[in-house]
Structures are given as C-alpha cells and as structure tokens.
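Take this structure first; my questions come after.
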Amino acid sequence: MRQTKVFFLVDSFGIPTSYSLLRTSNGIFAFDTRCTHAGAPTSLSGGQLKCPAHGSIFNPETGEVVRGPAVEPLKSYRTIEANGEIRIIIS
Ligand code: FES
C-alpha cells in the first residue's frame, strides 16, 4: 500500500508550510515540500514532488533529489501514528 498526500499547516505567525505525508508498508514519512534549491513550493505530480521554478524533482518516499538543480534532499520529519491520528514531530 502506498498513499501520498500534500497538505498545508499555518504556523502561529500565519506562515503556511506545505508537507508531504506518505504511507508505505514501512511506515509514514513526512517531508517539508519546499524545494531545497531556492525554496519554491513543490507539488505532487505523477507520483513525484516537482518544483515548477527550475525543474527539480524529488522522491516523495525518501525526499532525495531525482533531478536537479537541487542537490539537497527535502527536509524530513519523524511521524507518530496513534489512536487514528498522525503526528509530525517538528522541532
Ligand atoms: S527553487 Fe526548485 S528548482 Fe529552483
């Protein structure tokens, strides 16, 4: 089973951040979807996270760069699933 969702959270300053949440048989993985090249928001397309600014592509399961110009992977977060909720540990 593989399921990916992209959603936005707004922090206490009103700044939205987009996260990718992926469920696989190995667990749930969360990534900040801001491109590591210059910070543009990536979006899920064809099973990959694609950056419209300069064309970088990221693997939504690992956050690794599939195609540059970005060289750093997406920032990842630990997740906890309990009682029907998924929590992303942002610290
Ligand atoms: S900001 Fe994403 S490729 Fe440049």
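What follows draws every value from the coordinates through simple rules; no lab data is involved. This one's a predicted model, so the numbers in the text were calculated from it and none came from an experiment. Every residue, glycine as well, gets a Cβ built from its backbone with ideal geometry; the counts of neighbours run over all protein chains shown.
Of all the residues that make up the range 2-17, how many are more than 18 Å from Glu85 (Cα to Cα) and not β-branched (Val, Ile, Thr)?
5
Follow-up question, since we're still on this one. Starting from the range 79-90, keep only residues that are without any contact (Cβ under 8 Å) to a residue 24 or more places away in the chain, then list their pairs with residues that are in a strand (DSSP E or B) and among the polar types (S, T, N, Q) whose Cβ atoms are within a distance under 8 Å, requiring at least 6 positions of separation or different chains.
Final answer for the pair search is Arg87/Thr79; Ile89/Thr79.
Can I ask one more? Scan the range 45-76 residue by residue and report those that are within 17 Å of Leu9 (Cβ to Cβ) and surrounded by fewer than 17 Cβ atoms within 10 Å (Cβ to Cβ).
Lys75, Ser76
Does Asn83 satisfy being among the polar types (S, T, N, Q) and on the phi > 0 side of the Ramachandran plot?
Considered against the rule, which asks whether it is among the polar types (S, T, N, Q) and on the phi > 0 side of the Ramachandran plot, Asn83 comes out as yes.
Restricting attention to strands (runs of 3 or more DSSP E) lying wholly within the range 15-73, give those where 2 or more residues are of a type in the set (S, T, N, Q) and away from the ligand (no atom under 13 Å from the Cβ).
16-24
Just to be sure I understand, how many residues within the range 22-34 are of a type in the set (A, V, I, L, M) and closer than 17 Å to Glu64 by Cβ?
Result for the range 22-34: 2.
Take the residues of the range 1-14 that are of a type in the set (A, V, I, L, M, F, W, C) and not in a strand (DSSP E or B): which is nearest to Pro73 (Cα to Cα)?
Met1
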